[in-house]
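Reading through the C-alpha cells given below for one structure.
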Amino acid sequence: MLNTQRIVVKVGTSTLTHDSGALNLHRMEQLVRILADLSGMGHQVILVSSGAIAIGTARLALPERPKELRMKQAAAAVGQCRMMHIYDKLFSEYNRTVSQILLTGDDVDDPIRAEHLSSTFEALLDMGVIPVVNENDSVSSAEIETGQHKVLGDNDTLSAIVARLCRANLLVLISDIDGLYDADPHTHPDAKLIHRVNALTPEILEMAGGAGTWRGTGGMATKLSAAKIAMDAGCDMVITNGQRTEDLYGIVEGQDIGTRFLSMK
C-alpha cells in the first residue's frame, strides 16, 4: 500500500488509568480500536504501554503504590499480566493479534541482543502482529527504584529506542499534556502550543518542565530526550494528549496536532 508508515505509539500510565489507579477501560478500548484501524489501513503499529505497577497495585487492592522494591516488582508482575490479558481481548475483537515484548536495558544496549530484537520485531510486523512493549520491571530495577537508567529509565526513552531499532517513521507519545508550550501553561494562561520543532535548540530544551502526575514518571525533559533519539534516527516524534485518542488519525496524516519534532530524513 502507498503512504503506509511504521508507527510506534507510547501510552503512559496517567492515560491508561483513573485517578484511583484502576484501568481506564473506555480509553483503552478507544486506543485499541484506532490502532487496529490504522493496522487495517496498512500501517505497521507497535504499542509501548506503561502502567504495570499502577495496574498491579489496584489489582492487589494495595492502599498505595508500593515503596519497597520487591513489592513494586511484584505489583509489576501482576499488573503486566492483567494489562496484556485486556489488550489481547480488546485487539482480538478487531481481529488483530498482539505479542508481548518485555525489555531491560541490557537487551537494547548489547549489540547482539539488539540485533535479535530487531529481527523479532521485523518478523512480527511482517506477519501483521502488533507488538506490545514494556520495560521488564520485574527484572529491571533501575527505573522503578531510582527513576534513572543508563539506557532506558522511562517509557518515553524506551519507545524512542524501539522506534530506532525498528526503523520507524513516526513515534507518538500519548500523554496527559497537549504538547510543548513556550511557557508553563499551568502558570501562564497565555502560553502558546508549539506545533513544529525542527531542532532541539537550547531555548527548546529550557522549556522542559518537571514530572507530571503521581501516576506517571515522565516529564517534558524525558520527552525531549526521546525526541533527540528519534530525530537522530530519522523518525518524527509527536507529543499529543491522550484525552483525544481520535487525533491519532490526523497525526499519522501529518496534521498540526500536538507538537511534532521533525527529523532530518
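Against the conditions (1) within 25 Å of residue 168 (Cα to Cα); (2) without any contact (Cβ under 8 Å) to a residue 12 or more places away in the chain; (3) surrounded by 16 or more Cβ atoms within 10 Å (Cβ to Cβ), residue 121 satisfies every one except (2). Beta carbons closer than 9 Å, at least 6 apart along the sequence or on distinct chains, pair a first residue in the range 185-200 that is closer than 13 Å to residue 259 by Cβ with a second that is acidic (Asp, Glu) and exposed (fewer than 15 other Cβ atoms within 10 Å of the Cβ) for 191/182; 191/184; 192/182; 193/182; 194/182; 195/256; 196/256.
When the range 1-24 is filtered for residues that are surrounded by fewer than 21 Cβ atoms within 10 Å (Cβ to Cβ) and under 22 Å from residue 129 (Cα atoms), the ones remaining, listed by number, are 1, 2, 3, 4, 5, 6. For the range 15-42, the set of residues classified as closer than 17 Å to residue 75 by Cα and within 15 Å of the chain's Cα centre (by Cα) consists of 16, 17, listed by residue number. Among the residues of the range 47-95, the one identified as among the aromatic types (Phe, Trp, Tyr) and not in a helix (DSSP H, G or I) is 94. In the range 35-63, the residues that are closer than 26 Å to residue 157 by Cα form Cβ pairs under 8 Å with partners that are surrounded by fewer than 21 Cβ atoms within 10 Å (Cβ to Cβ) and acidic (Asp, Glu), at six or more places apart or across chains, as follows: 57/64. Would the range 96-108 turn up any residue that is part of a helix (DSSP H, G or I), in contact with a strand residue (DSSP E or B) (Cβ under 8 Å, 6 or more places away or on another chain) and surrounded by fewer than 16 Cβ atoms within 10 Å (Cβ to Cβ)? The answer is no, given that none of the residues of the range 96-108 is part of a helix (DSSP H, G or I), in contact with a strand residue (DSSP E or B) (Cβ under 8 Å, 6 or more places away or on another chain) and surrounded by fewer than 16 Cβ atoms within 10 Å (Cβ to Cβ). The strands (runs of 3 or more DSSP E) falling completely within the range 150-265 that include 2 or more residues that are modelled with pLDDT of 95 or more, crowded, with 17+ Cβ neighbours inside 10 Å and aliphatic (A, V, I, L, M) map to 170-175, 236-241. Do you know which residues across the range 73-92 are surrounded by fewer than 21 Cβ atoms within 10 Å (Cβ to Cβ) and in contact (Cβ under 8 Å) with a residue 60 or more places away in the chain? Correct list: 74, 77, 86, 90.
If you go through the range 30-63 and keep only what is of a type in the set (D, E, K, R) and over 18 Å from residue 172 (Cα atoms), you end up with just 59.
If you go through the range 77-96 and keep only what is over 19 Å from the mean Cα position of the chain (by Cα) and farther than 16 Å from residue 53 by Cβ, you end up with 89, 92, 93, 94, 95, 96. Out of contact with any Pro (no Cβ under 6 Å at 6 or more places or on another chain), of a type outside the set (D, E, K, R), more than 25 Å from residue 21 (Cβ to Cβ) and assigned to a helix (DSSP H, G or I): does that describe residue 117? The answer is yes for residue 117. Against the numbered list (1) of a type outside the set (Asp, Glu); (2) over 24 Å from residue 158 (Cβ atoms); (3) not in a loop (DSSP other than H, G, I, E, B), residue 8 comes up short only at (2).
Answer yes if at least one residue in the range 12-31 is within 23 Å of residue 165 (Cα to Cα), out of contact with any Lys or Arg (no Cβ under 6 Å at 6 or more places or on another chain), outside any loop (DSSP other than H, G, I, E, B) and among the hydroxyl-bearing types (Ser, Thr, Tyr), and no otherwise. The answer is no, given that none of the residues of the range 12-31 is within 23 Å of residue 165 (Cα to Cα), out of contact with any Lys or Arg (no Cβ under 6 Å at 6 or more places or on another chain), outside any loop (DSSP other than H, G, I, E, B) and among the hydroxyl-bearing types (Ser, Thr, Tyr).
The values are calculated or read from the model by the stated rules, or taken from the named source; none is laboratory data. No experiment lies behind these values; they were computed from the predicted model shown. Methodologically, a virtual Cβ is constructed for each residue, glycine included, from the backbone with ideal geometry; neighbour enumeration extends over all protein chains shown.
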